[in-house]
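Quick note: the coordinates plus some simple rules give every number you see, no bench work behind them. This one's a predicted model, so the numbers in the text were calculated from it and none came from an experiment. Glycine also receives a Cβ, built like all others from the backbone with ideal geometry; neighbour counts cover every protein chain displayed.
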Amino acid sequence: MILDRNVIKCYLWTSYYHNSESCMPQFVQSSRTFVLRHKIKVGLLAGLLLGVIVGLSVFGNEQAPALPEESFPLVEVRAVSELANGDALLPLVGTVKSESEATIQTERSGQIMSVNYALGDRVGAGTVIATIENRSEAAAVAQAQAGLNAAQAQLAQLENELSRSTRTTATDALNTWKSAFAAADDAVNNQTDAFFDNDRGQFPSFLLTTQNDDRIEEQRARVGDLLEVWERELGDVSANENLLPHLAQARSTLSEIQSFLNELSQLVNRTPNSGGSAVVASDADRAALAAARTSINTTLSSTIAIEDEVRQSLPQEGSSEVSRENATRIAAAEASVDQARAGLRAAQANYEKTVIRAPIAGSISFIDLEPGNYVGMSVPVVTVTNPGALEVVTYITEADASLIAPGTEVIISGTARGRVTRMAPTVSPQTKKIEVRIGLTQNSDLTSGESVSIALASAPAAEAAETGAPLTIPLTALKLTTEGAQVFTVEEGVLAAHPVTIDRVLGESVIVKDGLEPHMEIVVDARGLKEGERVTVSTAQALR
């Protein structure tokens, strides 16, 4: 709001003629009105500002909503000892048969060493009733076991040697690759800079006038770009990855630099035309160019040599096979292990012929065994009777025979428990498999003629560690890469990989013969995870 214009004009006019009294009342009244309205506006503004300050003081103390924390994959971690206590499902199907009475005949002649049960006693399936003198058979088993251990040790030593050789070769290859860049960078950017203006720019200019200026300038720009790409990769490549693609790219770049230097040398050594270049190459420049050509030729040769060495020692790109020479050595060592394992099974089969086991659970209705007496071969010595006795008949491959032996406990259809009572000593020529008979050790709802699944009851991890037996883990806990199999542990919220050696896969489980300890806590499901990834351990596991 401003003062009334007419009042101001009246005041100024009358003041000029020294007669301001006529307008003075109006001027004073207008001034008072202006001041009053100005004070009202100032008061309103001050009240508004005070309200804003009070609002900030009241609501400013409330905490801002917390930003959601970064989420990481949720993983479950369990000790190997817990995972190894599960049942390893065998890919086997058996048939339930009824057998109310079973008569045992001796498979070996000799002196009776011990009799553990008498007439009328109840025995479980697979129970050892008596033993025939078997010291030589037991010694043969121990010798075969030692031979298997030695063969496995030789195989492990060979694999370690090849692994160390591979790591050494990878380190040498990485050093050669980096040294090759240093030689290439020096040859192009230092030894040829006397012949170009703006040599490290996008458009280098050749200083010597020739008919091929455009071509040599394009080559200089091209090799400069290749060196920049190479330099950016120096800090991102390690000896743990496949170096073949990087060595191949280095070889290609060095070949282009070699061609560039050869053509540059021809232009520099050519006699200039009349009225030609104002710049003349000195003897020092020519010597530097010759040294650069020699350096690149030597570097290219060493790069090709280390590339061939890496190709022979590392898995081929896109393939999981090692070099032919190493594969032959490993195959020979593995064959020795298989041969030793077969010898152990043969020795165990001979030993089992001296052990008289109950084929089914029941009561002994006949026994003709006394300690110290001599017994002949194929003589009926024990009869076990059980009107409701059942047994399971199944067939296994030679590979599965290393996991099952007489006395081995199994799980039948997930509920019933049984024990292996008899195994055929050889493969059947008709079925090409080994017949196995399993006696039930407890009452069950199985019926004769029913088809059932067979599960191998795994030994506890602690027991397996003491005996040196392989540990069993779920197949989901295994991560398969081009470098081999591995499992993950969680260290400060980050996945750490541990290489393992697989024995074989059994259904949804895998037997690991090396690389695991019972106390190790590994990720149960490694699918979709990778080494170095940050994860979150499930709350239930973290509180354990």
Derived scalar couplings ³J(HN,Hα) [the stretch 516-525; Karplus, 6.51 cos²θ - 1.76 cosθ + 1.60; whole Hz; x for Gly, Pro]: 10, 10, x, 7, 5, 9, 10, 6, 6, 10
Segment ALA485-GLN154, extension gain: residue separation times 0.36 nm, minus the distance between their alpha carbons: 117.1 nm
When each of LYS432/LYS479; LYS97/LYS432; LYS353/LYS432; LYS432/LYS530; LYS97/LYS513; LYS353/LYS479 is checked by Cα-Cα distance, pairs over 32 Å: LYS432/LYS479; LYS432/LYS530; LYS97/LYS513; LYS353/LYS479
Ranked ASP503, ASP197, criterion: other C-beta atoms within 10 Å, fewest first: ASP197, ASP503
FRET efficiency for THR103 and SER448, using Cβ-Cβ distance with R0 set to 30 Å, rounded to 0.05: 0.95
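Applying 1/(1 + (r/R0)^6) with R0 = 25 Å to the Cβ-Cβ distance of ALA79 and LYS530, what FRET efficiency is obtained, to the nearest 0.05?
Working from the Cβ atoms, E equals 0.65.
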Prolate/oblate/rounded label for the stretch 291-426 (Cα gyration tensor, a/c 1.5): prolate
Virtual spin-label span in nm between ASN297 and GLU218, 7 Å along Cα→Cβ: 2.7 nm
Table column - 3J(HN,Hα) (Hz), the stretch 111-125, Karplus curve with 6.51, -1.76, 1.60, x for Gly and Pro: 7, 6, 8, 7, 10, 9, 9, 10, 4, x, 5, 8, 10, x, 4
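Net charge near GLY110: determine it from the other residues with C-beta under 13 Å of the C-beta of GLY110, scoring Lys and Arg +1 and Asp and Glu -1.
Values: positive: ARG108, ARG135, LYS353; negative: GLU107, GLU133, GLU137.
Taking every Cβ under 13 Å from that of GLY110, the sum is 0.
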